[in-house]
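Following: one structure in structure tokens, then a few remarks.
The values are calculated or read from the model by the stated rules, or taken from the named source; none is laboratory data. All figures in this text were calculated on a predicted structure; none of them were measured in a lab. For neighbour counting, all protein chains shown are included, and Cβ atoms are generated from backbone atoms with ideal geometry for every residue, glycine included. The accessibility values were calculated without ligands, DNA or RNA, using every heavy atom of the protein model including side chains. Shrake-Rupley method; radii C 1.70, N 1.55, O 1.52, S 1.80 Å.
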Amino acid sequence: MIDFLNRNIFQPHPELLVFITVALGFLFGKLRYKAIALGAVTGCLVAGLLLGAQFKITIDATVKNLFFTLFLFALGYKVGPQFFRGLKKDGLPQVVNALIVCVTGLLVSWGFAVMLGYGPGLSAGLLGGALTQSAVIGVAQDAIGNLPGLSAGQTKTEENLVAIGYAVTYPLGTILCALLLAGILPRLYRRDLAAESARLAKELDAPGDNPDLAEGYYEVVLRAYTIRRPDLVGRTIDDFENQQKELGHRIYLTRVRRDGTVLPHDQGTVLREGDTVAVSALRGSLVDFDARTHIGPETDDVELLGYETESLHVVASNKEQLGKTVAELRREPFMVGVYIDKIYRSGAEFPYRLATKIERGDTVILTGPKRLVGPAGKAIGKPVPTSFATDMLWVGLGVFLGGCVGIPALTVSGVPISLSTSGGALIMGLVFGWIRGRYPTYGNVPPGAQWFMDTFGLCAFVAVVGINAGPSFTSGLSTAGWGLLLWGAVATLVPLLVGFLVGHHVQKIRFPILMGVLAGGQTTTAAIGAINEQSRSQIPTLGYTIPYAVGNVLLTIWGAVIVILNH
């Protein structure tokens, strides 16, 4: 059967081999132990190495370069707002710690490579796998292709060794990072991550609780009452709502039924006895108001209570609201009757608290009555209608300009040094993502498209790398030796320990946050999952996003740097 596939499908149609490799890679990637999974990227690399060794088919380099360039642009686009935000004063401690982790990782990997006599290929593979940064593979292979003095065969051998070194060191690197941050360090320092995260959550929530985040509690309620008391008769809706606002209550009359007919909403509607009104309010305000005394008996009116609600995505950009905490934002007049459902930062859901500050580029999801949500969204920033269409003008222009920026090279000691087209795509992705955060009407790239370019782009690239490297995997592994596994483990642990000692003893970063900072600096997604699981909280994620953005950029660049250092 395998021979049949080899002769009749994959030889004339190598693209089919790429897709079956990706499919198997995602299957392998689902293998997990607790919060630690092999991951789709490593799964695709392993599948590529296995199938490549069997079928011995070479995939054109243009294919892998296309996918890798898309991946790097999407990566930069996703982390761009967070990367530039981290350069501001309030994010600097986390940026500094991420720099320490990344620079230490480069120095340790380089030192081991020199000590063991590794060439540029194994050196880059060691760095990429130990520091769990898959993008190193592509950047390092590009850099190797530009090295002078190498024959075509030597270049191909070194490029394949990048993938082999990565495949050997990455799984253990991921496991060790997760174990160290989620288990070993907390135990050594006798810290209970769950207890400290819960305590920190209460501190961040400031005085008082955040009831609408509590399980099973609905802060905004909607009730119907029939007007029987004189308090409302003869008054307009606007007059009543303004009076309640002055009293500190958030109570609104959203709809009115009169003589069996629901009236069009009008703030100037004069209320009459016998009208049934839909009352939307904060639960506490409605209790204090005592609607039965001031309005009349409560009733159940399905049509009246079924008013249209809206969930609106808003990109924070209004200077007057940037920097305000969630608690401060909720006290603004335009937020009455509207509440924050979720906040996304750098493309990922951000576990906000009352003390969380709204930053430029954050996507805030507001929910509430349609007539109130729209004005609230405009006050915070730019409402972005949900759209599944990707602005391909924006993507194509960004990749093209990035490639043009990356082509020029300087020659140092006979070695051409440049960003390369892929590195240029990363830089331009950062810039375009930052522009999108400031001016959200430009360059819509919905989450699905980002996922495709980011996750699938990297997985398809790695699958091709694995297929091409498969035939030389066994000989390459024997060249590297199993000592690569040991030194890769040390290269994983040393940067984390250095970053921890500085963060804990010098920077005094709170323990749960520091664990997130270290996971982000080493861009290990499995580690933040394990930390959150151990903490029984999303609090550590507050330290993850900025270092993750910085780490992705620096560790990707290190792929070219270590090739040049070991040439």
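Relative contact order for region 95-198: what percent, with Cα pairs under 8 Å and sequence separation of 6 or more? Can you show the working numbers first?
On the way: 92 pairs, mean separation 29.5, N = 104.
So the answer I get is 28 percent.
Could you give the nm distance between label points at Leu497 and Gln11, where each point is 7 Å from its Cα heading toward the beta carbon?
Result for the modelled spin labels: 5.4 nm.
On a 30 Å Cα-Cα criterion, which of the cross-link pairs Lys382/Lys508; Lys357/Lys378; Lys319/Lys342 come out too long?
Numbers: Lys382/Lys508 37 Å; Lys357/Lys378 18 Å; Lys319/Lys342 20 Å.
Where the Cα-Cα span goes over 30 Å, the pairs concerned are Lys382/Lys508.
In a shell of Cβ-Cβ distance under 15 Å around Pro540, excluding Pro540 itself, what net charge do Lys and Arg (+1) and Asp and Glu (-1) give? The partial results should precede the final answer.
Details: positive: Arg191, Arg199, Arg345, Arg353, Arg510, Arg536; negative: Asp192, Glu196, Glu203, Glu349, Glu533.
That works out to +1.
Once label points are set 7 Å from the Cα along Cα→Cβ at both Ala61 and Val103, what is their separation, rounded to one decimal in nm?
Taking the two extended label points, one gets 3.4 nm.
At a Förster radius of 35 Å, what calculated FRET efficiency corresponds to the Cβ-Cβ distance of Met115 and Ala53, to the nearest 0.05?
On the way: r = 30 Å, r/R0 = 0.85.
For Met115 and Ala53, the calculated efficiency is 0.75.
Counting heavy atoms of the protein chains only and a 1.4 Å probe, report the per residue accessible area for the chain as a whole number of Å². Don't jump to the answer; show the numbers that get you there.
Details: 24780 Å² over 567 residues.
So the chain comes to 44 Å² accessible per residue, rounded to a whole number.
Mind sorting out which of (i) 11; (ii) 28; (iii) 18 is the real percent of Cα pairs over 45 Å apart computed from the coordinates?
(ii)
Add +1 for every Lys or Arg and -1 for every Asp or Glu among the other residues with Cβ under 13 Å from the Cβ of Thr293, and state the total.
Details: positive: Arg228, Arg229, Arg292; negative: Asp231, Asp288, Asp290, Glu298.
Net local charge, Thr293 excluded: -1.
Taking the Cβ of Met515 as the center, what net charge do the other residues with Cβ under 11 Å away carry, scoring Lys and Arg +1 and Asp and Glu -1?
Numbers: positive: Arg191, Arg510; negative: Glu196.
In short, +1.
Between Val270 and Thr236, what length in nm is gained on full extension when 0.36 nm per residue of separation is reduced by their alpha carbon distance? Walk me through the numbers before you get to the answer.
Numbers: separation 34, 0.36 × 34 = 12.24 nm, distance 0.43 nm.
Between Val270 and Thr236, full extension yields 11.8 nm more.
What is the distance, in nm, between label points placed 7 Å from the Cα along the Cα-to-Cβ direction at Lys245 and at Thr299?
Result for the modelled spin labels: 2.8 nm.
Suppose the chain between Arg191 and Leu486 were pulled fully straight at 0.36 nm per residue; how much longer would it get relative to their current alpha carbon spacing?
On the way: separation 295, 0.36 × 295 = 106.20 nm, distance 2.85 nm.
Result for the pair: 103.3 nm of gain on full extension.
Highest mean first, what order results for 317-324, 195-202 on Cβ atoms within 10 Å? Show your work: numbers first, answer last.
On the way: 317-324: 14.5, 195-202: 17.4.
Taking the mean over residues of other Cβ atoms within 10 Å, the ranking is 195-202, 317-324.
Please work out how much length the chain gains when fully extended from Glu320 to Arg199, using 0.36 nm per residue of separation minus the C-alpha to C-alpha distance, in nm with one decimal.
Roughly 40.5 nm would be gained on extension.
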